Amino acid sequence: MSTTTKAPETSSTKADKPQTYGNYINGRQVKSKSGETFDSFNPANKNEIIGHFASSSPEDVKMAIDAAEKAFHGWKHTPAPHRAEIILKAAHLLETRKEELARTMTREMGKVLKEARGDVQEAIDMAKYIAGEGRRLVGQTVPSELPMKFAMSVRQPLGIVGLITPWNFPIAIPSWKILPALVAGNTIVIKPASDTPLCALMFVEILNEAGLPPGVLNLVTGSGSKVGNAIVEDPRVQAISLTGSNEVGRHVAGRCGQLMKKVSCELGGKNAICVMDDADIDLALEGALWGAFGTAGQRCTAASRVIVHKARYEEFCEKFKKMTSALKLGNGLHEGVEVGPVVNKAQLESVHEYVEIGKKEGAKLLCGGNILSEGEFANGFFHEPTVFCDVKPDMRIAQEEIFGPVTAIIPVNDFDEAIAVANGTQFGLSLSMYTRDINRAFRAIEDLESGIVYINAPTIGAEIQLPFGGVKQTGNGHREAGTSAIDQFTEWKSVYIDYSGRLQKAQIDTDDLVGKE
Ligand code: UN1
């Protein structure tokens, strides 16, 4: 598809007619070199086009990297507290525009409005938190082994960083990456998911409106194969931070390994809620429902397994079925809707395929299981919230990430088995334990193999002031958010200052120093 429409200066959602948006390079929107576009549409109603976006090529990526390269020197030398002031101003702009951003998000990727507001709020929280880092960015001062010698380490920006972000948290996740990268003095090229380019563009424009110099933060839309790869391959890009599928993560991390680039990957999950015999069952039920079906199960942290002690199994399944069947599915903008559509057709098909796999594997379908395509669902990508019970831990529906409104209830005999089953997948992002026994709670904290553990709360809902990320195949050892966010986007420089006026040899001139000057 191609278009000749001129790209507007700023993005807004007001126009009835879908607008055409450009890439954001060097402080303004620009059309892709080819002029080609792709559409973003509403998954609750695929006939509603959200906008036409630049279908970019490696040439466009080069332009963005050129801009980031030019801006780097000035940005690196802007004192960090001033960089942080811009981020704080962006926090306030985001607050002012929270409702507009949330509504755009619901229209663009389907999550219900309350959750979309939460997504924007997560970015506001991150902006306020990371702005404080502008006056910290702490290093170390340590004693030297030699007299009249000073030793310290300071953080340095990496240079140009490439960010690749997903559609499920279309503002929060870009904020986890963009904001710490900025406060640390890096310049950026971001490729947002093609399902949510408008959310990302609006976020980038707000940061620029807050006062970023042109070229510091650039956005290029388009496919992973053209845009993502071109960002990874350019030798001027020092580091990549990616949130996405394991398949893409493996490819990108592999290339970055060969190119000797810093890379942090935040990938899949197969999170579980464990419900013990002593748990507050109503609390656990509510938590499991929110954990499994919040954001239509499209969270890396979604509770796609519920591991239940046999003593409470029948009761849990029966009540969970009732609660799940009562969930109101629909357009996330409508009052009272609890579960929205899944993001696109491919996702709908993939989710449904897992339902078929579950049935074939011999799991019992407790409720749901269908694609909805009649009446108000006719033009959207709706899948019934679906629960399997009597699931065996090694079934595919209990091992593979589904990323949709499907969860698997697995019965276990005791606490130790619950821990073993919870740990028994290749992933390790978020695990939860419902128990009223303090000893069990602490054993769970110690023994659950995941980057995030919850006690008496579901697997979703991480706050930005703690590290976010996982172990095993969920990632490659990095953490986002919290103070660890800064580690991803800085390099250590160790500095020695010898003010003795003579050559002092470390490890050699170290004898007889006691009591001497
Ligand atoms: C994700 O799904 O990738 O903890 C992020 C949560 C949210 C973030 C999820 N705060 O569920």
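The values are calculated or read from the model by the stated rules, or taken from the named source; none is laboratory data. The structure presented is a predicted model; accordingly, all values stated were derived computationally and were not measured. Every residue, glycine among them, receives a Cβ derived from its backbone with ideal geometry; neighbour counts consider all protein chains shown. For accessibility, only protein heavy atoms count, side chains too; no ligands or nucleic acids. Shrake-Rupley method; radii C 1.70, N 1.55, O 1.52, S 1.80 Å.
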Exactly one of Val204, Val154, Val220 is surrounded by 24 or more Cβ atoms within 10 Å (Cβ to Cβ) and in contact (Cβ under 8 Å) with a residue 40 or more places away in the chain, and that residue is Val220
For the range 466-496, which residues satisfy the criterion of being within 22 Å of Gly132 (Cα to Cα) and either of a type in the set (A, V, I, L, M) or touching a helix residue (DSSP H, G or I) at 6+ places or on another chain (Cβ under 6 Å) (or both)?
Leu466, Pro467, His478, Glu480, Ala481, Ala485, Ile486, Phe489
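Having 1 or more residues that are within 16 Å of the ligand (Cβ to nearest atom), within 30 Å of Gly475 (Cβ to Cβ) and among the aliphatic types (A, V, I, L, M) is the bar; report the helices (runs of 4 or more DSSP H) wholly within the range 246-349 that clear it.
Helices (runs of 4 or more DSSP H) meeting the threshold: 246-259, 281-293.
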Yes/no for Tyr354 being modelled with pLDDT of 95 or more and surrounded by fewer than 21 Cβ atoms within 10 Å (Cβ to Cβ):
no
Please work out which residue is nearest to the ligand (Cβ to nearest atom), limiting yourself to the range 93-121 and to residues that are touching a residue at least 24 places away in the same chain (Cβ under 8 Å) and farther than 30 Å from Asn379 by Cα.
Leu94
Where the second residue is among the small types (Gly, Ala, Ser) and the first is in a strand (DSSP E or B) and lies in the range 232-245, which pairs have Cβ atoms under 7 Å and are six or more apart or on separate chains?
Val237/Gly162; Gln238/Gly159; Ile240/Gly162; Ser241/Ser264; Leu242/Gly249
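Can you tell which of Asp234, Asp195 is within 16 Å of the ligand (Cβ to nearest atom), open to solvent by 10 Å² or more (accessible area, probe 1.4 Å) and either farther than 23 Å from Gly404 by Cβ or in the same structural domain as Trp75 (by TED's automatic domain parsing) (or both)?
Result of the check over Asp234, Asp195: Asp195.
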Can you pull out every residue in the range 237-254 that is within 18 Å of Ile160 (Cα to Cα) and open to solvent by 10 Å² or more (accessible area, probe 1.4 Å)?
Gln238, Ala253
Would you mind listing the strands (runs of 3 or more DSSP E) fully within the range 364-426 where at least 1 residues are open to solvent by 60 Å² or more (accessible area, probe 1.4 Å)?
364-367
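Condition first: within 14 Å of the ligand (Cβ to nearest atom) and open to solvent by less than 10 Å² (accessible area, probe 1.4 Å). Now tell me which residues in the range 172-191 satisfy that.
Of the residues in the range 172-191, the ones within 14 Å of the ligand (Cβ to nearest atom) are 172-177.
Selection gives Ala172, Ile173, Pro174, Ser175, Lys177.
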Do we have Thr141 as of a type outside the set (Lys, Arg), surrounded by fewer than 21 Cβ atoms within 10 Å (Cβ to Cβ) and touching a strand residue (DSSP E or B) at 6+ places or on another chain (Cβ under 9 Å) here?
yes
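Go through Phe293, Phe316, Phe320 for me and flag whichever is under 20 Å from the mean Cα position of the chain (by Cα) and either without any contact (Cβ under 8 Å) to a residue 12 or more places away in the chain or open to solvent by less than 10 Å² (accessible area, probe 1.4 Å) (or both).
Phe293
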Considering only residues that are closer than 19 Å to Ile130 by Cα and surrounded by fewer than 24 Cβ atoms within 10 Å (Cβ to Cβ), look in the range 158-171 and name the one that is farthest from the ligand (Cβ to nearest atom).
Gly159
Failed condition for Ala210, given (1) among the hydrophobic types (A, V, I, L, M, F, W, C); (2) more than 16 Å from the ligand (Cβ to nearest atom); (3) surrounded by fewer than 24 Cβ atoms within 10 Å (Cβ to Cβ); (4) within 24 Å of Phe468 (Cα to Cα)
(4)
Condition (residue is within 23 Å of Phe41 (Cα to Cα), of a type in the set (Gly, Ala, Ser) and loosely packed, with under 14 Cβ neighbours inside 10 Å) applied to the range 339-348: is it met by at least one residue?
yes
Sole miss for Gly118 among (1) farther than 19 Å from Leu466 by Cα; (2) surrounded by fewer than 24 Cβ atoms within 10 Å (Cβ to Cβ) is condition (1)
